[in-house]
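The values are calculated or read from the model by the stated rules, or taken from the named source; none is laboratory data. Predicted model, so just to flag it, every value in this text is computed and none were measured. No Cβ is skipped: glycine too gets one built from the backbone with ideal geometry, and neighbour counts run over all protein chains shown. Accessible surface is based on the protein model in full, side chains and every heavy atom, while ligands, DNA and RNA are left aside. Shrake-Rupley method; radii C 1.70, N 1.55, O 1.52, S 1.80 Å.
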Amino acid sequence: MTASQMQDQFKFEPGQNHITGLNPLDLTQIHAITQTNTFSNIHLIMFPAAREYFDKAHAKSTIMKTREDVLAYFKLIATGIRCLEAVIGERTQPYIECLAVLWYSETVFLETKQFELAEEALNKAISLAGRNNLYDVKFTMVHLLVKILATTNTRAAQKLVNTCLKEAEMTGLETWIYTFQYLRASLHFSCNEYSNVISNMKPLSSSRSNEIRYMAQLASSLVHLRQNNPVQANECLIEAAKYETEFTRAHVAQLVVMRALYEALAWQMLGNPVQAEEKVRALHACLDNQTQDGTSRWVNWQPDGTYYVVLPPTDTGVPQIPLRFQWWSQSEVYVVSCLLSGMVCVHTSWNKRKASKFFAEGIRVIDNEMFGQSCNAAPSMTLQQASDRIEFFRTAKFFIQFYACLEKFVRGDWSAETFPGLVEAAEVLPPVIIDVAYPMIVYLGGMFFQARGQLRSALEAYSILRSTLNSTSELSILATLGMISIYRGDTVGSFEQASILMSELEPIMVSCSSKKIQFAWTMIKALDTSQTGLEIQNMIAELLTAAREIGNSQFTTIVMYLGASVFSDKAKMESSALGAFLNAKKCRDVLWCWVTGNLSTELLQQNGKELMAEKQKHINKQLLPMVDKQLNSAMIF
């Protein structure tokens with residue numbers, strides 16, 4: 001759940017007062033509580049009219065293409081606002097007036113960004129609600145006021161929500177106690193005050209509701225993931241699973257899917273692709289279980305991602321009003337699952353092309369949502385919500401394109417044919433994502449230049465990352481490892497510089513939690529010629545065990561190739577080289593087949609096995625055209 005989604009989790013829907021259960025369009029209910037001799041009944045006409053104007057506008061938000069479409073949208077919104085102003089201008093019953101002001105203020109806030117106008121109207125109506133003991137509608141208005149304040153003064157919003165929480169506790173309204181606790185946590189989350197979020201989740205962990213406890217653990221795990229602490233995140237997820245019930249799986253499926261997604265992400269961050277792949281399979285099982293009616297429709301997943309948490313009845317048997325939350329839509333969850341699945345499969349099943357299939361499916365869904373038939377069937381939403389939806393899909397497409405490039409590089413395809421798609425996706429990214437995307441593109445460029453022998457360009461790219469990122473960040477560490485490998489090579493040959501970088505990296509690697517990065521670091525150390533032959537051989541043996549534990553067949557091939565280069569025993573060298581070739585062949589890795597095949601030929605000849613050497617040489621000759629195609633493909637920009 002992102003910060004903005006957490007802030008919107010109790011968003012008031014003008015068509016339904018979720019606290020009192022009173023629907024403004026239910027004219028029978030409203031008429032029953034209205035004293036017609038004293039108060040105006042204008043709302044019986046204006047509320048339905050406003051609802052109709054807003055619905056027509058929101059139905060158009062995802063398909064607007066011209067300036068005229070935008071103008072028509074705001075004309076409908078303005079007309080709906082005028083209907084609400086007409087109600088506010090008449091003498092109506094206090095509850096009706098408060099309801100009209102609430103609806104009016106939220107619309108002004110969301111659609112026009114006139115914060116002061118919305119705030120002024122709310123303050124007056126909050127006083128009116130307080131004088132008439134209308135606690136539910138009062139707290140609903142204060143909740144909206146907190147969100148408005150948070151856009152300009154977060155500290156003031158935090159103080160107000162603390163005051164409201166104390167008042168809710170005094171009145172004993174459990175629904176509002178939870179509401180303000182979550183709102184307070186979301187405000188801290190948006191300010192990156194993660195320790196405060198964790199502390200705010202502790203009282204929720206002792207709730208009477210399994211779902212509230214479940215969500216508290218999920219929120220804590222998200223904080224740990226944001227802080228790059230996947231171990232702590234996993235602990236929270238294990239705790240969350242204890243609160244999962246049949247009711248949760250049937251009616252609050254979002255929590256189950258959320259946990260499965262966070263688990264896969266946590267194991268991916270830990271650098272354990274075997275566990276990550278297992279969790280990805282569990283994630284897809286959760287998604288498949290949502291299709292219960294034989295169609296592609298997720299029966300318990302609202303189009304806008306809304307879901308409800310029902311609190312247990314009170315001691316008096318009075319049912320509680322459900323809490324309303326909002327997460328991703330079906331399409332958004334599906335796209336993220338494709339991205340994460342592809343990321344995992346790049347490491348575990350790259351030879352089976354699973355990753356490229358997931359990436360292609362993700363891009364297909366994104367293009368269909370943005371440009372295809374489904375964009376016309378998108379849920380009704382405000383213009384800002386529609387804009388946020390587009391930004392979400394554009395951001396997801398960039399990350400999919402990035403990992404699609406990486407997947408090609410892992411397979412030894414350095415043709416850069418996916419670069420244009422990556423650059424195109426980056427050009428339309430929202431500004432807030434650019435700072436994250438830029439280093440990723442630079443690192444990808446460094447890898448590309450290094451693989452193609454353009455070492456000066458690669459060093460320049462890696463240097464940019466080292467100068468702009470924190471030295472403990474994963475991209476900075478990977479860039480340093482890339483520079484060390486270049487400096488040790490014959491082309492550049494700056495072993496002194498490589499040694500300096502190694503000494504800088506040594507203390508950083510002590511606290512690095514990623515197994516894959518630790519593996520790369522150990523491999524770099526194994527190639528340090530200052531070590532004794534026995535030390536290097538022992539390190540190679542450790543690497544081979546680690547590669548098999550991680551489950552990465554390409555790592556296994558590389559380590560066996562290195563072992564063939566450093567072992568002192570000729571028979572052991574030959575066995576290691578042939579093992580590396582067979583492993584690469586099994587994975588259909590043409591480039592490593594050719595590299596290990598040439599080494600195998602050389603070692604077989606040295607050991608006097610001419611017949612086997614000739615056979616291997618013939619295989620290498622058959623591989624050469626495919627290797628040339630991979631290494632000599634023209635760049636496309």
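Against the definition (touching a residue at least 40 places away in the same chain (Cβ under 8 Å), open to solvent by less than 10 Å² (accessible area, probe 1.4 Å) and over 32 Å from the mean Cα position of the chain (by Cα)), how does L183 come out, yes or no?
Numbers: touching a residue at least 40 places away in the same chain (Cβ under 8 Å): yes; open to solvent by less than 10 Å² (accessible area, probe 1.4 Å): yes; over 32 Å from the mean Cα position of the chain (by Cα): no.
No: the conditions fail for L183.
Each residue in region 452-476 was checked for being open to solvent by 70 Å² or more (accessible area, probe 1.4 Å) and assigned to a helix (DSSP H, G or I), and 6 of them qualify. For region 88-117, the candidate set comprises residues that are of a type in the set (D, E) and open to solvent by less than 30 Å² (accessible area, probe 1.4 Å); within that set, the residue that is nearest to L173 (Cα to Cα) is E106. Quick check on E120: is it in contact with a Lys or Arg (Cβ under 9 Å, 6 or more places away or on another chain) and either open to solvent by 30 Å² or more (accessible area, probe 1.4 Å) or assigned to a helix (DSSP H, G or I) (or both)? Against the criterion (in contact with a Lys or Arg (Cβ under 9 Å, 6 or more places away or on another chain) and either open to solvent by 30 Å² or more (accessible area, probe 1.4 Å) or assigned to a helix (DSSP H, G or I) (or both)), E120 does not qualify. Any residue at all in region 477-494 that's in contact with a Leu (Cβ under 8 Å, 6 or more places away or on another chain), within 29 Å of V344 (Cα to Cα) and without any contact (Cβ under 8 Å) to a residue 12 or more places away in the chain? Within region 477-494, none of the residues are in contact with a Leu (Cβ under 8 Å, 6 or more places away or on another chain), within 29 Å of V344 (Cα to Cα) and without any contact (Cβ under 8 Å) to a residue 12 or more places away in the chain. Figure legend. Inter-residue proximity from region 233-260: first residues surrounded by fewer than 16 Cβ atoms within 10 Å (Cβ to Cβ), second residues not small (G, A, S), beta-carbon distance below 6 Å, spacing 6+ or different chains. Indicated pairs: T245/N210; R249/V256. Among the residues of region 549-565, just one is modelled with pLDDT of 75 or more and surrounded by fewer than 17 Cβ atoms within 10 Å (Cβ to Cβ), namely S565.
Here is the figure for region 495-530: residues that are open to solvent by 40 Å² or more (accessible area, probe 1.4 Å), of a type outside the set (D, E, K, R) and over 32 Å from the mean Cα position of the chain (by Cα) total 8.
Scan region 213-230 residue by residue and report those that are closer than 24 Å to P313 by Cβ and crowded, with 23+ Cβ neighbours inside 10 Å. Listed by number, the residues that qualify are Y214, M215, A216, Q217. Does region 43-63 include one or more residues that are part of a helix (DSSP H, G or I), open to solvent by 40 Å² or more (accessible area, probe 1.4 Å), free of Cβ contacts under 8 Å to residues at least 12 places away in the same chain and over 23 Å from M381 (Cβ atoms)? Yes, because at least one residue in region 43-63 is part of a helix (DSSP H, G or I), open to solvent by 40 Å² or more (accessible area, probe 1.4 Å), free of Cβ contacts under 8 Å to residues at least 12 places away in the same chain and over 23 Å from M381 (Cβ atoms). Testing Y308 on (1) at pLDDT below 90; (2) open to solvent by 30 Å² or more (accessible area, probe 1.4 Å); (3) more than 30 Å from S553 (Cα to Cα), one condition comes back false. Which one is that? Looking at each condition in turn, Y308 falls short on (1).
Only one of T38, T2 is at pLDDT 50 or above, among the hydroxyl-bearing types (S, T, Y) and either over 28 Å from R389 (Cα atoms) or open to solvent by 30 Å² or more (accessible area, probe 1.4 Å) (or both); which? Reasoning before the result, please.
On the way: T2 fails: at pLDDT 50 or above.
Answer to the selection: T38.
Table: residues versus (1) in contact with a Leu (Cβ under 7 Å, 6 or more places away or on another chain); (2) free of Cβ contacts under 8 Å to residues at least 40 places away in the same chain.
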position	(1), (2)
M539	no, yes
E542	no, yes
T545	no, yes
A564	yes, yes
D569	no, yes
K572	no, yes
K585	no, yes
V590	yes, no
T596	no, yes
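Between residues in region 299-316 that are within 23 Å of L204 (Cα to Cα) and residues that are open to solvent by less than 70 Å² (accessible area, probe 1.4 Å) and β-branched (V, I, T), which pairs lie under 7 Å by C-beta distance while being six or more apart or on different chains? Final answer for the pair search is Y307/V252; V309/I212; V309/V252; L311/T175.
Within region 596-615, if we keep just the residues that are polar (S, T, N, Q) and more than 16 Å from T557 (Cβ to Cβ), the residue that is surrounded by the most Cβ atoms within 10 Å (Cβ to Cβ) turns out to be T601.
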